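Shown next, in structure tokens, is the structure this report addresses.
The values are calculated or read from the model by the stated rules, or taken from the named source; none is laboratory data. Just so it is clear, the model here is predicted, and its values are computed rather than measured. Methodologically, a virtual Cβ is constructed for each residue, glycine included, from the backbone with ideal geometry; neighbour enumeration extends over all protein chains shown. Just so you know, the surface numbers come from the protein's heavy atoms only, side chains and all, with ligands and any DNA or RNA stripped out. Shrake-Rupley method; radii C 1.70, N 1.55, O 1.52, S 1.80 Å.
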Amino acid sequence: MEREQLPFDVVAAAGHILAESGVWCARTQRLWWVDIRAPQVKRWDSGSGAISAWTMPELAGAVVLVDDGRVAVALQGSIHLLDPNDGSLTTVLTLEHGMPHNRLNEAKCDLQGRLWCGSMWDFGAQAAGSLYRIDRDLRATRVRADVTIPNGIAFSPEGRQMYFVDTPKGTIEVASYDTGSGQPGSWSTLVEAGLAPGKPDGSTVDSDGCIWNARYGAGCVARFRPNGELDRLIALPVTQPTSCTFGGAGLDTLFITSAAQRMDAAALAAEPLAGAVLALRPGARGLPETAFTG
């Protein structure tokens, strides 16, 4: 499939080591993301263009909205609440004990406000990760084990299907989702490995129920129909896009984070936007992000 070339804006300059987990706050019109290895939580204000940053004490794998105005940050093995007003961190719960090689990676909320979070052996060296659901009473349940690099957590517009990626497998999986219990059904392959270039990373779902997926290593974002059919490929000026999310006043802007990790001097010279956060308008609209209500 031919790649579309669309105009884009640079929201945050190149240089992030591993920018990830973009999430749009419709209430404040701000974009949040993490640089996992800096490690920092960052926020862009669409009105002023100002970028704020909070340095974390450990690797910061993901950030999600919280219904009280704070954000939840997935650090090495624990979930913390960050208050952007004073920079304070409050520990919510620890998901993994005695696993020094592991870190948290990827987190999203379902439509009911439950928090989903994955863990991994750093750099995906072993399939030692898990996928957890954190209910509103802060009880954590391990739903999947033997995960290598958890990514692509997303939900269909009505919340009755859940999507998940274990990046090295190259597939996008789907399961029916019980919105009452928060329990996914049996997993099956929705998008086969190799259907789109690169490896699947972070995902978001638009108002038509189509899945947008950052294709790590391939310099593009892919849109898949709800039946798994490849619908569009949009070219990017970065080879390592990591996540995508819709935002803007009309939820019609696609924000894309990217990474510069493991790129040598020659590669960085050839790709001056590596590690930037980008924005483009693909002609689709997203859905508001649900905040964690724990």
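In the range 226-248, how many residues are open to solvent by less than 40 Å² (accessible area, probe 1.4 Å) and outside any strand (DSSP E or B)?
Number of matching residues: 5.
Give me the residue from the range 122-145 that is under 17 Å from SER186 (Cα atoms) and charged (D, E, K, R) and, out of that set, least open to solvent (accessible area, probe 1.4 Å).
ARG133
Just checking, does the range 196-204 include any residue being β-branched (Val, Ile, Thr), within 17 Å of the chain's Cα centre (by Cα) and open to solvent by 10 Å² or more (accessible area, probe 1.4 Å)?
yes
Look at GLY118 and say whether it is open to solvent by less than 20 Å² (accessible area, probe 1.4 Å) and not aromatic (Phe, Trp, Tyr). Before the answer, list the steps.
Numbers: open to solvent by less than 20 Å² (accessible area, probe 1.4 Å): yes; not aromatic (Phe, Trp, Tyr): yes.
Yes: the conditions hold for GLY118.
On the basis of being at positive phi and open to solvent by 30 Å² or more (accessible area, probe 1.4 Å), does GLY217 make the cut?
Details: at positive phi: yes; open to solvent by 30 Å² or more (accessible area, probe 1.4 Å): yes.
Against the criterion (at positive phi and open to solvent by 30 Å² or more (accessible area, probe 1.4 Å)), GLY217 qualifies.
Could you give every pair whose Cβ atoms fall below 7 Å, whose first residue belongs to the range 163-184 and is under 23 Å from ALA125 (Cβ atoms) and free of Cβ contacts under 8 Å to residues at least 24 places away in the same chain, and whose second residue is open to solvent by 10 Å² or more (accessible area, probe 1.4 Å) and part of a strand (DSSP E or B), counting only separations of at least 6 or pairs across chains?
Sorted first by the residue in the range 163-184, then by its partner, the pairs are GLU173/SER188; GLU173/THR189; GLU173/LEU190.
Write out, first by first residue and then by second, each pair whose Cβ atoms fall under 8 Å of each other, whose residues are 6+ apart or on separate chains, and whose first residue, in the range 1-23, is closer than 18 Å to VAL71 by Cβ while the second is open to solvent by 70 Å² or more (accessible area, probe 1.4 Å).
ALA12/ILE51
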